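Written out below as structure tokens is the structure these notes cover.
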Amino acid sequence: MLENVTTTYDAVADVVVVGGGATGLVAALKSRELSASVVIVEANYDIGGHAITSGGSVALGGGTALQCRYDVTDSKELLYSDLTDWSIIEPNGAPDYRYNDRSLVRAFADYSVPTFNFLVANGVEFDEPPESRPSTLPLEDIR
Ligand SMILES: Cc1cc2nc3c(=O)[nH]c(=O)nc-3n(C[C@H](O)[C@H](O)[C@H](O)COP(=O)(O)OP(=O)(O)OC[C@H]3O[C@@H](n4cnc5c(N)ncnc54)[C@H](O)[C@@H]3O)c2cc1C
């Protein structure tokens, strides 16, 4: 079968995304949104990458529309502290999150809501009630 697979292409595009996993697909979508032509090169027989086997748990927060719908009070600052300082819920702050890269978490917290909106606008459906909530608020409280 493999000898019948086409391995050479003659295509020109503004953006070539190597890898059609969760991040590659988003990069391709964003490029299309900016009116660029896009080619995705994927080594596997299908797109999806590791997300195919992922548990599907999406940690976007910071005040998404879904959180607001369930009266979950969250903010960029709370999301940032949740991901960097677990002394909020454990006095010794032992969980590994305290070692997270601060600039990366800052960007994650700042762009969490826009990312959520981007995904919804592109057809992603999120489970309800929302999984993401401030660590100060037990999940049971929003069920
Ligand atoms: C079992 C499991 C459960 C998980 N559960 C969760 C969860 O609940 N919540 C969560 O947020 N995250 C979860 N994750 C992590 C999450 O799935 C990954 O972080 C995410 O899918 C990574 O996406 P990616 O696009 O960065 O990389 P990848 O998914 O690795 O995508 C890379 C893609 O590039 C392709 N590729 C590689 N090399 C080449 C090449 N040379 N040429 C062309 N294509 C190439 C690969 O085939 C692949 O499709 C889980 C992961 C696993 C394995």
**Message:** Where the second residue is exposed (fewer than 14 other Cβ atoms within 10 Å of the Cβ) and of a type in the set (Ser, Thr, Tyr) and the first is in the same structural domain as residue 73 (by TED's automatic domain parsing) and lies in the range 95-115, which pairs have Cβ atoms under 7 Å and are six or more apart or on separate chains?
**Reply:** none
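Mind checking which residues of the range 1-11 are of a type outside the set (Asp, Glu) and either in contact with a helix residue (DSSP H, G or I) (Cβ under 8 Å, 6 or more places away or on another chain) or away from the ligand (no atom under 15 Å from the Cβ) (or both)?
1, 2, 4
Of 14, 96, which residue is more than 14 Å from the ligand (Cβ to nearest atom), among the charged types (D, E, K, R), modelled with pLDDT of 95 or more and at negative phi?
On the way: 96 fails: modelled with pLDDT of 95 or more.
Only one candidate passes the filter, namely 14.
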**Asked** Quick one: would you say residue 23 is polar (S, T, N, Q) and in the same structural domain as residue 118 (by TED's automatic domain parsing)?
**Response** no
**Asked** Is it true that some residue in the range 27-35 is assigned to a helix (DSSP H, G or I), away from the ligand (no atom under 13 Å from the Cβ), more than 25 Å from residue 123 (Cβ to Cβ) and of a type in the set (D, E, K, R)?
**Response** no
**Prompt:** Restricting attention to the range 36-46, which residues are under 16 Å from residue 5 (Cα atoms) and more than 6 Å from the ligand (Cβ to nearest atom)?
**Reply:** 45, 46
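Listed here are the residues, each with its yes/no results for (1) assigned to a loop (DSSP other than H, G, I, E, B); (2) at pLDDT below 80; (3) within 16 Å of the ligand (Cβ to nearest atom).
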| residue | (1), (2), (3) |
| --- | --- |
| 60 | yes, no, yes |
| 67 | no, no, no |
| 77 | no, no, no |
| 81 | no, no, no |
| 90 | yes, yes, no |
**Request:** Residue by residue through the range 50-85, note down the ones that are of a type in the set (Asp, Glu), touching a residue at least 60 places away in the same chain (Cβ under 8 Å) and exposed (fewer than 12 other Cβ atoms within 10 Å of the Cβ).
**Result:** 71
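The values are calculated or read from the model by the stated rules, or taken from the named source; none is laboratory data. What you are looking at is a predicted structure, and each value in this text was computed from that prediction instead of being measured. Here the Cβ is made from the backbone with ideal geometry for all residues, glycine too, and neighbour counts use every protein chain on show.
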